[in-house]
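Visitor: Okay, here's the structure, questions in a sec.
The values are calculated or read from the model by the stated rules, or taken from the named source; none is laboratory data. Fair warning: this is a prediction, and the values are worked out from it, not measured in the lab. Glycine gets a Cβ as well: all are built from the backbone with ideal geometry, and neighbour counts include every protein chain shown. Side chains are part of the model used for accessible areas, which takes the heavy atoms of the whole protein and leaves out ligands, DNA and RNA. Shrake-Rupley method; radii C 1.70, N 1.55, O 1.52, S 1.80 Å.
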Amino acid sequence: MALPFKLIYDERYDLNLGDHVFPSQKYRLVYERLLHGNIAEDRDFLSAQPAKDEDVLRVHTPDYVRKLKTGSLSRAEILQLEIPYSQELIEACWLAAGGSILAGQKALRDGWSANIGGGFHHACPDHGEGFCVIHDVAVAIRRLQSDKAIERAMVIDTDVHHGNGTAAIFAADKNVFTLSIHQLHNYPFVKPPSTMDINLPDGVGDEDYLTTLDAHLRKAFAAFTPQIIFYVAGADPYREDQLGGLALTMQGLAHRDALVMDYARKNESPLVITLAGGYARRVEDTVAIHVATIVAARDAATKKAVGN
Ligand SMILES: [Zn+2]
C-alpha cells in the first residue's frame, strides 16, 4: 500500500559526521526503515532540490548567506554551529530547505507531507547555531507566502529545545503563529518569545506533557486559523535523550504526534512534518521515534479519508 502523501528525502541529507552527538545518519536510517518496514514504497518518496538563494534570502541576511557559500564564517561562528563546516554541509542545508519547500507544496495538495530531514529551528537570520545552519521551515513558509499559496502558517515545535530561530524570524509577523513546547532549563539559554511558549520543568513525563500540550493547542487553534502547519517533531523529549531532560516514553511521543495531527485534521489544515532533533543513547530509538511520527500521519490521513 502506498502512503496517501509524499515523503521528501535525499541521500545527501546524511553529513557523515561520524562520532558526533548529532546522528546525521538518522535520515538514511529513517528512510530505510520506512522502506523496508513496509510503511512506504519507492514511489512515496520524492527527491529534494536545493532551495534557491532567493528563497534562503527571504529569511537570512545577504552577509550570512555569502559567508556560508564562500566558506568565510569566522571561527566563532563555526563553533556556534557545533558541527564542522564543509561544502557538503552547505549543500545538505540548501537541500533540506528545498525539501521543506517541496513538502509544503505537497501538503497543500495532499493534506499531509513529511520532509525526512529539516526542522532546523535554531537558525537565525544572521547566524546559525546548535546544529542548525539555515531555517528550512521559515524558508518554506516565506516561499509559500511569496507564491501566494498561503497567507497564514502555524509552527508547532515539540523539540525538547526552544525554537529560538523560529521565534526570532517571525516575531513581528502576525500571519505566522509559533508555538514551542520545550524544557525551560535547556539550550538555548536566551529564548526570544514565540507566539505561545510552553516552558516545562525538568523531568516532565507523558501524562503531564500531553495534558499541557492539549490545553495549549486548544487555545492556539481558538486564536488562529492556519492554512498550513509545520510540525517540528523533535525526537528529543524522549527520556533516554542525551541532550534532553524530559521523560517521555516512546508511547507518549506517539500520543503527542497523534494529538498534533488530530488538531490539524479537525481544523482542516495541511500539515508538514520535519524531523528536528533526536540524540537518544541508541540511535535506533531516535529512528523509531521519527518513523512513528510518519506512521501517525498515515493513520491521521486515513482517518480523514473515511470521514472520522
Ligand atoms: Zn532539540
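Visitor: Exactly one of these conditions fails for Q242: (1) in contact with a strand residue (DSSP E or B) (Cβ under 8 Å, 6 or more places away or on another chain); (2) away from the ligand (no atom under 16 Å from the Cβ). Give me its number.
Guide: Status for Q242: all satisfied but (2).
Visitor: Hey, any hits in the stretch 167-176 for a residue that's aromatic (F, W, Y) and in a helix (DSSP H, G or I)?
Guide: No.
Visitor: Further question on the same structure: What pairs come up if the first residue lies in the stretch 22-49 and is among the acidic types (D, E), the second is part of a helix (DSSP H, G or I), and their beta carbons are under 9 Å apart, counting only those six or more places apart or on different chains?
Guide: E32/V287; E41/L35; D42/L35; D44/L34; D44/L35
Visitor: Follow-up. Which one is most open to solvent (accessible area, probe 1.4 Å), of the residues in the stretch 93-130 that are touching a Phe, Trp or Tyr at 6+ places or on another chain (Cβ under 6 Å) and away from the ligand (no atom under 16 Å from the Cβ)?
Guide: D126
Visitor: From the list I101, I134, which one is β-branched (V, I, T) and within 22 Å of Q227 (Cα to Cα)?
Guide: Within the list I101, I134, the selection yields I101.
Visitor: Of all residues in the stretch 146-163, count the ones that are near the ligand (Cβ under 10 Å from one of its atoms) and without any contact (Cβ under 8 Å) to a residue 12 or more places away in the chain.
Guide: 0
Visitor: A follow-up question, please. Taking D173 as meeting all but one of (1) more than 15 Å from the ligand (Cβ to nearest atom); (2) open to solvent by 50 Å² or more (accessible area, probe 1.4 Å); (3) out of contact with any strand residue (DSSP E or B) (no Cβ under 8 Å at 6 or more places or on another chain), write down the number of the exception.
Guide: (2)
Visitor: Among the candidates A223, A215, A235, A247, which residue alone is buried (at least 18 other Cβ atoms within 10 Å of the Cβ), away from the ligand (no atom under 15 Å from the Cβ) and without any contact (Cβ under 8 Å) to a residue 60 or more places away in the chain?
Guide: Of A223, A215, A235, A247, the one residue that is buried (at least 18 other Cβ atoms within 10 Å of the Cβ), away from the ligand (no atom under 15 Å from the Cβ) and without any contact (Cβ under 8 Å) to a residue 60 or more places away in the chain is A247.
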